[in-house]
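Student: This is the structure I have questions about; it appears just below.
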Amino acid sequence: MEQDELDNLGENLGVCYKVLDNLTDGKKTYRAQIVLTNNSNIDLKNEDWAIYFCHIRMLEPSHLPHSISYEIHDTGMKFTHVNGCLFKLSPTKRFKPLKKGDSLTLKFRAQYYSIARSDLMPNWYFLYPKLRPVLIQSTVGEEMSFVEPFDEPSSWKRFDYELADGSSRFDHYNPYNLQERFDRQHCTEPESIQYSVIPTPYRMKVDSTTILTINSEDWSIHAEDSLQNEAMILSKALDVTINDSKEKKYKISLKLVTNLKIDGKDACNDSYRLEIKQGDGITIEATASSGIFYGVNTLLSLTKDNTVPVCKIEDKPRYSYRGMHMDVSRNFHGKESIMKLLDVMAMYKMNKFHFHLTDDEGWRLEIPGLEELTQVGARRGHVNKSDLSSLLPLLGSGPDFSTSGSGYYTVDEYREILRYAKERYIEVIPEIDMPGHSHAAIKSMKARYQKYIGLKDKKKAEEYLLSDLDHNTTLGSHSVQMFSENAMNPGVESTYKFVEKVALELKEMHKDIMPLEIFHFGGDEVPYEAWEGSPACMSLVDSEEVKSSEDLMEYFVKRVADVMAKCNLDVGAWQDGIIPDETDLIPIARHNFKSKNVYVYAWQNVWESGLSGCAYRLANKGYKVIMSQGTHLYFDHPYEPDPEERGLYWACRFCDSQKTFTFMPDNIYANADVKLTGEGLSKDYISRHKDDHDDLQQPQNVVGIQAQLWTELVRTSDQMDSMIFPRLLCVAERAWHKADWELVTDKAKLKEEQHLDWSKFATLLGTKELARLDEKLVCYHLPPPGASFSLSDCKIRLNCAYPGLPLYYSIDNGTTWIQYKDDIDLILDNDLLLCTKSADGKRMSRIVKMKRPSKD
């Protein structure tokens, strides 16, 4: 084959992927098919070509990955698992040439289930020896048009089978119809939201009848030198000068005080008092500059067309830790996207940025002295499996190195992000995930080893090696994400030297900007079986340094804890990093950590798993707990149970803004609503599972709340914005403000008060806050409209999840759009297309169709 022929095939090969059935085989496998259609003018012959593609479920799990390949019945084609989510489709000896116009249907099974278009990955490509890889154009693009619609219950449901005890597991979820969405999106009209602020202040009294107009002629800002950052923010926003020598009629005074009290208690650094008086100007007082900064942001939130109401606000945060986690490893997002996120976090008083910099699919930070981490670990493209020059093209990043699969922050760029965060009072907490999720690091250090072995420097070659060279890990287990060789080896001393090197380099990057306080080492989803057969690990067991191979994870954690204590750093870890055994659920003893604080991020709370109580168990054992629960705070989940909505669904089928808003971090069990199937939990569910659910005895150790975005499915900055916003505003609200309804124990009363509070919050989003996000160029998620048809008056009514956003409909299949102002008269001859637009009118939601009602 010549290059132009391969190019022709890439341009013209049709690929169609369809999920056929999720239900027949229980939860073990689902059935799907790939149809290849040769639309080129040449035959696809039986030669040494292959199609590479990413698939997040293991293909033919009864055979792969342990078999070399799996031949697809009667097709002359076979699947091969390469590593991670990367698979190869190639011809066997029995393959018959695919001639022009011919199609080939490949039916197969894959592990678990697939119920959404975003489960599939783009950028499939052809490979032929000695030729340049070629993208298959029918699979390119974020529309994912090569994936057939999920148009039957068997394609959008996950469960329908009998359990061993005779009970059944049935999936209750269906995509919303227009009436269901209309009912879910119904909001009670709030009494007043004119001068509301997000997050809600602790105490706020507003006189909306008295309004002050701020202008450059009559106003000036007065602030001491230490508050010039905050004064400059106000000056730019309000066009008012700072410390103007000319006498002005009104002042905005920013004051640091030593005796600020709220409710008779000394205020924390983030607290503030804001007072706007008629004839006396504006005063913001706080004990620290962060409090002044938050007071300034509240003032700007109250400002409309340079007018503000007379008011008095005393405000303090609910939690000291108000965080957002961002994964840039799976798909890289540059510093501009990160800075925009930090900007909006600051607007809503969030103060911790958990920066997930490394994982299996990429290492995203330059580390001086370990250049291979970015030379190899930050690049994804097509390489031979044994090639150590880069990572494989995982997660649909394609064969070249120009996509979101590749990229990293230089030291200077990272420090620029640190400065930007510091100006906004946001602490950056870097995460270097280990010992699992470390494929990129392991491969990079193998490349370093080969380089120095080539230079005949064995000592330097082995200095930072993360694997046992005497252990063939490719024959071992696979991680949750189907990786072989993704766990650092706890039995080689060079692993801990690597950890210390990275920690010290991070301290150096932070030291003159924002001294590093917390080193987050991850610790999640470790495939312990990966260490079986490792001579280095077995020598630890033989020496009785470790009781048994089951204790290797705890040994690793203790060693890392010692490294962090030596570096004078606090420690952060995911829940399963501190509770390594999900059978006994006993945390590693707190005294094993010499660091002052150990922060544990509690994320595993699928209600029927029995793990939701671990958050309180950890707090009771002396750990500082960050509430990070998957069911309410994982933004990689979709907003609706619809196959066309982007997102994973391991913790819950969907997580909309309202669900995040109603999360109650002080009473984790009160959030238990439904099983993974959507079946409601019985009233006595918690009491019947008391062994799994600890009561909180040390509430002072629950120190914060954090949202998480993992980016396996998030390849663009617009997708990143959509998955985060506006849900992040709901997290900001819960992290800063404790709602009165959180104390309500009667379930019916609780739902009523939650609905009223959500109605106010949602209306505030639709009428004010989303327009502020438009100004920041944030592409927040736009939910489609709901619709209701009334037989009594033959009218169609529309609504939106965020009342105030503009709604549109089309009666000519999208050629023209009409803004919805009043109820729509029934139109018998046409289907309606419906959409929601952004507050600025520049973007639209997913379009939904309302079929014309029957004349009957």
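Student: Along the charge dipole of the range 751-856, which of Leu798, Leu770, Leu833 sits closest to the positive end, that is, farthest toward it, with unit charges on the beta carbon of Lys, Arg, Asp and Glu (+1, +1, -1, -1)?
Tutor: With unit charges placed on the Cβ atoms, the residue in question is Leu770.
Student: What value in Å³ per residue do you get for the convex hull of the alpha-carbon atoms in the range 708-772?
Tutor: With only Cα atoms used, the range 708-772 gives 114 Å³ per residue.
Student: Sort 670-679, 720-729, 453-462, 516-525 by the packing proxy (mean of other Cβ within 10 Å over each peptide's residues), most packed first.
Tutor: Packing order, densest peptide first, comes out as 720-729, 516-525, 670-679, 453-462.
Student: Tell me, what HN-Hα J-couplings in whole Hz come from the Karplus equation 6.51 cos²θ - 1.76 cosθ + 1.60 at θ = phi - 60° for each residue of the range 223-235, using x for Gly and Pro?
Tutor: Coupling constants for the range 223-235: 7, 6, 4, 5, 10, 5, 4, 6, 5, 5, 4, 5, 4 Hz.
Student: Label-point separation (nm) for Lys497 and Leu300, each offset 7 Å from Cα along Cα-to-Cβ?
Tutor: According to this spin-label approximation, the distance is 4.8 nm.
Student: Then there's this: Given H placed 1.01 Å from N in the peptide plane, which residues other than close sequence neighbours of Leu212 have an amide H under 5 Å from its amide H?
Tutor: Val308, Val310
Student: Still on this structure, please answer the following. For the range 421-485: lysine pairs with Cα atoms under 18 Å, gap of 8 or more or different chains, count?
Tutor: Here the count comes out as 9.
Student: Go from 0 up to the bin containing the longest alpha carbon distance in the range 612-701, width 5 Å each, and give me the % of pairs per bin.
Tutor: 3, 14, 21, 22, 18, 13, 6, 2, 0
Student: Given the range 203-315, report the % of alpha carbon pairs whose separation exceeds 16 Å.
Tutor: Above the 16 Å cut-off, the range 203-315 has 55 percent of its Cα pairs.
Student: In Å, what Kirkwood hydrodynamic radius results for the range 3-170 from the alpha-carbon pair distances?
Tutor: 16.8
Student: Please list 603-615, 503-515, 351-363 highest first by mean number of surrounding beta-carbon atoms within 10 Å per residue.
Tutor: By packing density, highest mean first, the sequence is 351-363, 603-615, 503-515.
Student: Plugging the Kirkwood radius over Cα pairs into Stokes-Einstein for the range 455-604, at a temperature of 10 °C and a viscosity of 1.306 mPa s, what D comes out in µm²/s?
Tutor: D = 97 µm²/s.
Student: What relative contact order, as a whole-number percentage, does the chain give when Cα pairs under 8 Å and 6 or more residues apart are counted?
Tutor: 11
Student: Under 5 Å between amide H atoms, partner at least 5 residues away or on a different chain: which partners does Ile242 have, H built in plane at 1.01 Å?
Tutor: Ile221
Student: What whole-number distance in Å separates the alpha-carbon centres of the range 27-54 and the range 749-822?
Tutor: 42
Student: Would you work out which of His222, Met204, Ile233 lies farthest towards the positive end of the dipole of the range 203-315? Charges go on Cβ: Lys and Arg +1, Asp and Glu -1.
Tutor: In the range 203-315, that residue is Met204.
Student: With a Förster radius of 60 Å, plug the Cβ-Cβ distance of Asp225 and Lys99 into 1/(1 + (r/R0)^6) and report the FRET value to the nearest 0.05.
Tutor: My answer for the efficiency is 0.15.
Student: Calculated from DSSP H runs of 4 or more alone, at -39500 (n - 2.57) each and per residue, what is the 222 nm mean residue ellipticity of the chain, nearest 500?
Tutor: Helix contribution divided over all residues of the chain: -7000 deg cm²/dmol.
Student: Something else now. Hey, with R₀ at 51 Å, roughly what FRET efficiency would Arg843 and Lys547 work out to, going by the Cβ-Cβ distance, to 0.05?
Tutor: Computed FRET efficiency for Arg843 and Lys547 comes out at 0.30.
Student: Once the principal axes of the Cα atoms of the range 321-738 are found, what is the range along each, listed largest first in whole angstroms?
Tutor: Here the spans come out as 66, 48, 44 Å, largest first.
Student: Sticking with this one: Please enumerate, by chain and number, the lysines with C-alpha under 18 Å from the C-alpha of Lys768, excluding those fewer than 8 residues away in the same chain.
Tutor: Filter leaves Lys304, Lys349, Lys760, Lys776, Lys837, Lys842.
Student: Then there is this: Report, in whole Å, the centroid distance computed from the Cα atoms of the range 143-162 and the range 449-499.
Tutor: Taking the Cα centre of each part, the range 143-162 and the range 449-499 sit 41 Å apart.
Student: So what are the ³J(HN,Hα) numbers for the range 397-410, from phi and the Karplus equation (6.51, -1.76, 1.60; θ = phi - 60°), rounded to whole Hz, Gly and Pro as x?
Tutor: So the Karplus estimates, Gly and Pro as x, are 7, x, x, 9, 10, 9, 9, 5, x, 10, x, 7, 9, 5 Hz.
Student: Kindly write out, for the range 372-384 in residue order, the coupling ³J(HN,Hα) from the Karplus curve 6.51 cos²θ - 1.76 cosθ + 1.60 (θ = phi - 60°), rounded to whole Hz, with x marking Gly and Pro.
Tutor: Karplus values, whole Hz, x for Gly and Pro: 4, 4, 9, 5, 10, x, 9, 10, 10, x, 6, 9, 5.
Student: To the nearest µm²/s, what D does Stokes-Einstein give for the chain at 37 °C and 0.692 mPa s, using the Kirkwood radius over alpha carbon pairs as Rh?
Tutor: Translational D for this selection: 112 µm²/s.
Student: Pull up all non-local amide H partners of Glu427: gap of 5 or more, or a different chain, and H-to-H distance under 5 Å with H placed in the peptide plane.
Tutor: Lys352, Phe353
Student: Okay, moving on. Once the cut-off is 19 Å, how many percent of the Cα-Cα pairs in the range 751-856 end up in the long-distance tail?
Tutor: Here the long-distance tail beyond 19 Å is 48 percent of all Cα pairs in the range 751-856.
Student: Can you list the aspartates and glutamates whose alpha carbon is less than 19 Å from that of Lys261, not counting same-chain residues fewer than 8 positions off?
Tutor: Filter leaves Asp270, Glu275, Glu285, Glu314, Asp315.
Student: Taking the Cα centre of the chain as origin, work out the dipole magnitude from +1 charges on Lys and Arg Cβ and -1 charges on Asp and Glu Cβ, in debye rounded to 20.
Tutor: About 620 debye.
Student: Past 29 Å, Cα to Cα, is the threshold; run Lys157/Lys849; Lys205/Lys251; Lys340/Lys511 against it and keep the listed order.
Tutor: From the list (Lys157/Lys849; Lys205/Lys251; Lys340/Lys511), the Cα-Cα distance tops 29 Å for no pair.
Student: How large is the dipole of the range 751-856 about the Cα centre if only Lys and Arg carry +1 and Asp and Glu carry -1, each at its Cβ, rounded to the nearest 20 debye?
Tutor: Magnitude of the dipole: close to 300 debye.
Bear in mind these aren't lab numbers, they're just calculated from the coordinates by the rules spelled out. Quick caveat: nothing in here was measured; it's all calculated off a predicted structure. Please note: Cβ atoms are built from the backbone with ideal geometry, for glycine as well, and neighbour counts cover all protein chains shown.
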